[in-house]
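The values are calculated or read from the model by the stated rules, or taken from the named source; none is laboratory data. Not measured: the values here are computed from a predicted model. Ligands, DNA and RNA are stripped out before the accessible areas are found, and what is left, the full protein with its side chains, is counted by its heavy atoms. Shrake-Rupley method; radii C 1.70, N 1.55, O 1.52, S 1.80 Å.
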Amino acid sequence: MELYRALGMALPGEVVALVGAGGKTSAMYLLARELTAAGYRGVVATTTRIWLPTPEQVTELVVADRWPELLAGLEAALARSPLVALGAARGPEGKLYGIDPAWVSALRRGPGIDFVLVEADGAAGRPLKGPASHEPVIPPAATLVVPVVGASALGRPLGPDTAHRPEIVARLAGLSLGEPVTPGAVARLLLHPEGNVKGTPVSARIVPLINQVDSPAVAALARELAARLLDQGVGRVVLARLAAEPPVVEVMAALVNTVGGT
């Protein structure tokens, strides 16, 4: 099963915001490949900062810090490719700086655009993320919010190797630094009002993505995490190993979804 189908994307017109940690960038470009292969056209962007895309990830990149210039560049790029990456600036460290979140609404309505994929958080390569007060930067136009978590953190001690801002993770998840990361703690982190889905639009759906499900032992912990999320009202959880083929391991769903829409 393709990842976009596992997430239940509604096409055309879906705006996906990827938040959390443990595979957001990989998920974004995998979705972009799947969707363009299926005949859809769209945009990948960030509202924070990501590494500049490689030619293998996307061939068309438009960088502008004003909307008219960005729109003009996008229209020209879409005439050459079904996938375009957008950013406001190129940073000296080799990163692409994010666009204004308010622009995403106009992108969604743009002619010939079937999807918008936005990386709306940063995690410094860790499998868990404790968001600061200004994070994540979810666009108001988001229709689907995907909190990503790396299953490699489960069972390991909470600290700088397992989490970006571990002290925030500890507070939101109800753990102490050095304590093993449990499925229940990660579920609390993902759905806490100050956690990974903070700022989700009321009408948006929430579908967690548990990545790095690379062994039977990890899969058992990931299923326990998914069950906890379903018990808290999430309608669907995707278990994946994005670096492998096929990327989707399992989709767990509830009969009723009470978190982030229906």
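In table form, for the structure just shown:
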read-out	value
Tail beyond 23 Å, pair distance distribution of region 52-138 (Cα, percent)	25 percent
Mean residue ellipticity (222 nm) of the chain, computed from DSSP H runs ≥ 4 via -39,500 (n - 2.57), nearest 500	-7500 deg cm²/dmol
Spatial separation of Cα centroids for region 118-141 and region 156-216, in angstrom	12 Å
Cα gyration tensor, region 143-262 - rounded (a/c under 1.5), prolate or oblate	oblate
Surface/4 estimate of mean projected area, convex hull on alpha-carbon atoms of region 29-89, nm²	4.0 nm²
Per-residue SASA entry for Asp114, accessible area with 1.4 Å probe, Å² rounded to 10	30 Å²
Where His134, His164 fall by accessible area, highest first, once all protein chains stay in place (1.4 Å)	His134, His164
Cα-based Rg / Dmax (Å) for region 105-186	15.6, 51
Reference-scaled alpha-carbon Rg (2.2 N^0.38 Å with N residues) for the chain	0.96
Heavy atoms of Lys24: accessible area, 1.4 Å probe, square angstrom to 10	10 Å²
Once the Cα gyration tensor of region 1-154 is diagonalised, semi-axes √(5λ) in Å	22, 18, 14
